[in-house]
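As structure tokens, the structure follows; a few thoughts come after it.
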């Protein structure tokens, strides 16, 4: 990072956290909103500090809470069935200039699972080519967040530059309290000593004027999002170059017909 900080965790952007609707069960699996202390109690993170949560320490069996180990022998998931369903749905849309019934069925299988089997919560699936493509773009973000897929999806769709600019603007809108972020709390509250992540106020409504009794405050949609995220996000990114890495000179020397990637 350009501010001389870094670690092995993947930061989940505040805009990604709020891309999940309140009833989407994937949000609290994907996004770890807390740290776990050695004694098992929980200390919530600020919104700008949320990290990926699919491999979190407190879910590991046997229990690793008191261990200082950083390597748990968990195998990285290479591909999941939901990824296959979404790839199939995307391919059907491309091949047929619009979603087929099979594509819609595959897409909705992923959505229905995300909402605990309640099909009434998944919304209306677009039937046009563009609408369905955009739905796939969004769904792959929600479903596969933290699994090392998003950047490469955006590159193959030629959307990386556009989406980086969009998310910076969305983060700025969040800090400014502009729609659709105008009702979010600036502060969240929790009760110290908890062992299960439970907030004392709503994630989707302004913070209460009077803090809940016995609670501790955590900064939420604060101005520090500007300096810790917006100012450093994709710092130095060069469109048309940084989407790809260069070929090594030995590779080009071995095959003169290989053309070096743009910008190198």
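At a glance:
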| item | result |
| --- | --- |
| Length released on extending from residue 127 to residue 238, taking residue separation times 0.36 nm less the Cα-Cα span | 36.4 nm |
| Per-peptide average of other Cβ atoms within 10 Å, ordering 254-260, 171-177, 88-94 highest first | 88-94, 171-177, 254-260 |
| Whole-angstrom Cα spans of the stretch 81-146 along principal axes, big to small | 31, 27, 17 |
| Rg and Dmax [Cα atoms of the chain; Å; Rg one decimal, Dmax integer] | 21.0, 71 |
| Computed helical MRE - 222 nm, the chain, DSSP H runs ≥ 4 contributing -39500 (n - 2.57), nearest 500 | -9500 deg cm²/dmol |
| Sorted by Cβ density within 10 Å, fewest first, the residues 20, 34 | 20, 34 |
| Normalised contact order of the stretch 66-212, rounded percent, pairs of Cα under 8 Å and 6 or more residues apart | 13 percent |
| Percentage of interatomic Cα-Cα distances in the stretch 84-217 larger than 24 Å | 51 percent |
| Fewest-first sequence of 225, 60 by Cβ atoms within 10 Å of each Cβ | 60, 225 |
| Residues 141, 188, sorted so that the one with the fewest Cβ neighbours within 10 Å comes first | 141, 188 |
| Segment residue 39-residue 84, extension gain: residue separation times 0.36 nm, minus the distance between their alpha carbons | 12.2 nm |
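Rule-based calculations on the coordinates, nothing more; no lab input. Predicted model, so just to flag it, every value in this text is computed and none were measured. Please note: Cβ atoms are built from the backbone with ideal geometry, for glycine as well, and neighbour counts cover all protein chains shown.
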